[in-house]
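Single-structure report; data block below.
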Amino acid sequence: MQCPKCRGNMRTYERNGVHIEQCDNCRGIFLDYGELETLTRMETQFHAAPPPPPPAHGAPGWGAPHHGGHYGHHRQRSWVNMLFSS
Amino acid sequence: MVKAHSDREDPGGLELRLRAAASAPLHGLLLAPLRAEVMRVSGRNVTVWPAGQPVTDPEHAPWEEGARLLARLHAVPLSALPPLPPAGGPLRAARAVNRLTGDSPAEKLVRQAFEGLPPFPESPGLLTHGDWHLGQLVHRSHWLLIDVDDLGVGDPAWDLARPAAWYAAGLLEGSVWERFLGAYLAAGGPAVDAADPWSRLDAPARALTAQLAAVALGKALREGREPDEVEQSLIEACGRIVGLQKSLR
């Protein structure tokens, strides 16, 4: 296969199930249908934050799932009042 | 500062609690009254206290200091103190839930969560504050616990149960809860086992969840509005408790 841009020779690679055609001359890359989406998905997974570590001292079976803190509550009046009252 | 006490309190119990707060073993832990006697003013029980600086910024609250004070309070041998009545936590929870008398689904859920509580673990019978939250700390050269109204002999896990309930409801950040519990354990607090704190916390934290949900729901009902997001998270925690009770049946 010839590079559509510079007519150089295209070489085929396979990385994690994605076919990549790269030009030996201009280093340009060609992707087959759907492969850009596959790469994007992989990149997102790579950059996603790791799951929060389990709490050091455990949690009850009926506890709320904690997704790294509910910062939205912090300025709510009823939550602040509750911190300080019986 | 003068504190007027609720009429439902038994004045004999208050007298004993006041005497304990004035005693030497609690010096530096619990604010001591200016006068170790209960006075009557216009038919109300009144006690007199030195003023202190309360916690003002919840974002920078002294969670660790509070935890360490509780750990030290729980470690005070009862034999070193004047006799004390039972700590008030369990009664306080029952009173709050009993105040809900309606038949709305939320009210039923809170009652169900409370009624299905597992039996409270054998109480070690230690000195217990009985009603701890951030409003129970004041600063006078260092942080001190205040409020003797529920002080007594009880299961000290009840003093950790309110933050535990907040954490389980998703209101208190996990990192803050871990700081609080970690400081309590590091100070040698006897209420829970470091390897498995929830084995002792579970029952009182469920009771406190029902209590907090009952208080929140009562407030919303009195104000003729739907529970807000924070109040709703406590009712949802009651729902998860009830769900767990059902799945174990």
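None of the figures in this text is laboratory data; all of them are computed from the coordinates on show. As the structure is a prediction and not an experimental result, all values here were calculated from the model. All Cβ positions, glycine included, derive from the backbone under ideal geometry; neighbour counts span all protein chains shown.
Results, tabulated for the structure shown:
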quantity: Peptides B:53-64, A:10-21, B:187-198 ordered by average Cβ neighbours within 10 Å, highest first; calculated: B:187-198, B:53-64, A:10-21
quantity: Other-chain or far-sequence residues with amide H under 5 Å of residue B:30's (modelled H); calculated: B:145
quantity: Vicinal HN-Hα couplings computed from phi for region B:129-146 (Karplus, 6.51 cos²θ - 1.76 cosθ + 1.60; Hz; Gly/Pro x); calculated: 5, x, 7, 8, 7, 5, x, 9, 10, 10, 10, 9, 6, 8, 6, 9, 7, 10
quantity: Peptide B:173-183, shielding by other chains (average Cβ, 10 Å cutoff); calculated: 4
quantity: FRET efficiency estimate (nearest 0.05) - Cβ-Cβ, residue A:43 to residue A:85, R0 35 angstrom; calculated: 0.15
quantity: For residue A:28, residues with placed amide H under 5 Å, excluding near neighbours; calculated: A:23
quantity: Chain B: relative contact order as a whole-number percent, Cα under 8 Å and 6+ apart; calculated: 23 percent
quantity: In sequence order, calculated HN-Hα J values of region B:157-167 (Karplus, 6.51, -1.76, 1.60; Hz; x Gly/Pro); calculated: 4, 4, 6, 9, 6, 6, x, 4, 5, 4, 5
quantity: DSSP-assigned coil residues among GluC sites (Glu not before Pro) in region B:168-249, each with at most 11 further Cβ atoms within 10 Å; calculated: B:223
quantity: Whole-Å distance, taken between Cα centres, linking region B:1-36 and region B:86-137; calculated: 23 Å
quantity: Shielding of B:161-172 by partner chains, average beta-carbon count, 10 Å; calculated: 5
quantity: Under Karplus coefficients 6.51, -1.76 and 1.60, residue-wise ³J(HN,Hα) of region B:211-216 in Hz, glycine/proline x; calculated: 4, 5, 5, 5, 5, 5
